[in-house]
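The values are calculated or read from the model by the stated rules, or taken from the named source; none is laboratory data. These numbers come from a predicted model, not from an experiment. Every residue, glycine among them, receives a Cβ derived from its backbone with ideal geometry; neighbour counts consider all protein chains shown. The accessibility values were calculated without ligands, DNA or RNA, using every heavy atom of the protein model including side chains. Shrake-Rupley method; radii C 1.70, N 1.55, O 1.52, S 1.80 Å.
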Amino acid sequence: MKIKTSLGIALASLLTLSGCSNNDQSVSDSVDLDKVTTLRFSHFMTANDNINTEGFEPWARKIEEESKGRLKIEIYPSATLSKPGATYDAAAKGTVDIGMQVQGYTAGRFPLTQVVELPGISNTAEQQTCILYELYNNGAIDSEYEDTHLLSLMGSGQGALHTADNPIRTPADMKGLRIRQPSVVASHVIETIGAAPVGIPASDAYTSLQRGVIDGLAFTWQPIQAFRLDELLNHHTNIPFYNSTFVVTMNKDKYNSLPQDLKKIIDDNSGIVMSERIAKIFDDSNEAAMAAARAKGDTMIDIPDPLNDPDWKEPLLEGTQRYLDELAALGLDGETVYEQAKAASAACKV
């Protein structure tokens, strides 16, 4: 037994010296174990937002632990490295290594993905995330992310209408109001109803509401407390008239420069695994924020099925068709993706 062990050690040494290996990794992968690669991750959420503290920070720590310190991810919240609507392109160009943004923040950049935001497609972040991956995996929207290494697609749950002074029960209650819109999809619906959509980033919502620049906002529930909007808002209409989506992606050259074992660690912790975990945080947070608003005594108006509601159905369907017509004018088959999204919605219903 001792002879076999000695021979094995000698053979292993000889193979190492000759540059041979019994696995698929290159020599540099197996010997450059002391090199530390730092990846800069930019997003617009605040540092205390629970998507950051419960989602992104644990994700970064797990990758660092599994890589034994060879990968470090530095997180830059609050849009300190890139503007909220330019973070995807910053990752594509290499200005940042990893970026997260809402697709709707860059009008026309992800037109087919935004079909998933249309009224009636989803009710929860988990359902929406499932729909996104159904469309991505079947080739309906994957071309919109070809210039980066995609890490995650996720939903944030249904958007709601929040106002300081004007409760919204029917579309007539919105006429003339200035409503912060998060995307072109929401903008079309808001305009169709007769309100004025105002495009401002989430980080400016508090001051805009405080100064009377806007009367209310279309916003998911999760960030209401993180941006302290609960201090100013008193009326809430829960109506799935739009659903924001998020993308987390990585610069392709940076990803390709990594050894195979580090690529695997990133990929094993990303994709649907990362997306479902963060989607659950969104859903739990949405419920918690709604409960806090109820406890505060805010007005809560629920319209769970607006496409079958006599007041809301017509303007929502009109806004939907307006968006699909715009895609057709661009030569994009939005109608087919819309049908696929509706089919995925039924299959992904939680």
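Starting from the stretch 288-300, take each residue that is assigned to a helix (DSSP H, G or I) and list its partners that are open to solvent by 60 Å² or more (accessible area, probe 1.4 Å) and charged (D, E, K, R), counting only C-beta distances under 8 angstrom and pairs at least six apart or across chains.
Once the first residue is assigned to a helix (DSSP H, G or I) and sits in the stretch 288-300, no partner that is open to solvent by 60 Å² or more (accessible area, probe 1.4 Å) and charged (D, E, K, R) comes close enough.
Please enumerate the residues belonging to the stretch 54-85 that are crowded, with 19+ Cβ neighbours inside 10 Å, without any contact (Cβ under 8 Å) to a residue 40 or more places away in the chain and in a loop (DSSP other than H, G, I, E, B).
Selection gives Pro77 alone.
Inside the stretch 34-52, can you point out the residues that are among the polar types (S, T, N, Q) and buried (at least 16 other Cβ atoms within 10 Å of the Cβ)?
Answer for the stretch 34-52, where residues must be among the polar types (S, T, N, Q) and buried (at least 16 other Cβ atoms within 10 Å of the Cβ): Ser42, Thr46, Asn50, Asn52.
How about the stretch 103-218: which helices (runs of 4 or more DSSP H) wholly inside it have at least 2 residues that are open to solvent by 10 Å² or more (accessible area, probe 1.4 Å) and more than 25 Å from Leu233 (Cβ to Cβ)?
So the answer is 125-137.
Return yes or no: is Glu314 under 24 Å from Ile193 (Cβ atoms), assigned to a helix (DSSP H, G or I), over 17 Å from the mean Cα position of the chain (by Cα) and not hydrophobic (A, V, I, L, M, F, W, C)?
yes
Would you mention how many residues in the stretch 312-329 are open to solvent by 80 Å² or more (accessible area, probe 1.4 Å) and either touching a Gly at 6+ places or on another chain (Cβ under 6 Å) or more than 30 Å from Lys175 (Cβ to Cβ) (or both)?
Number of matching residues: 0.
When Trp221 is evaluated against the numbered criteria (1) of a type outside the set (S, T, N, Q); (2) crowded, with 23+ Cβ neighbours inside 10 Å; (3) more than 25 Å from Lys280 (Cα to Cα), which criterion, by number, is the only one it fails?
Going through the list (1) of a type outside the set (S, T, N, Q); (2) crowded, with 23+ Cβ neighbours inside 10 Å; (3) more than 25 Å from Lys280 (Cα to Cα), Trp221 breaks only (3).
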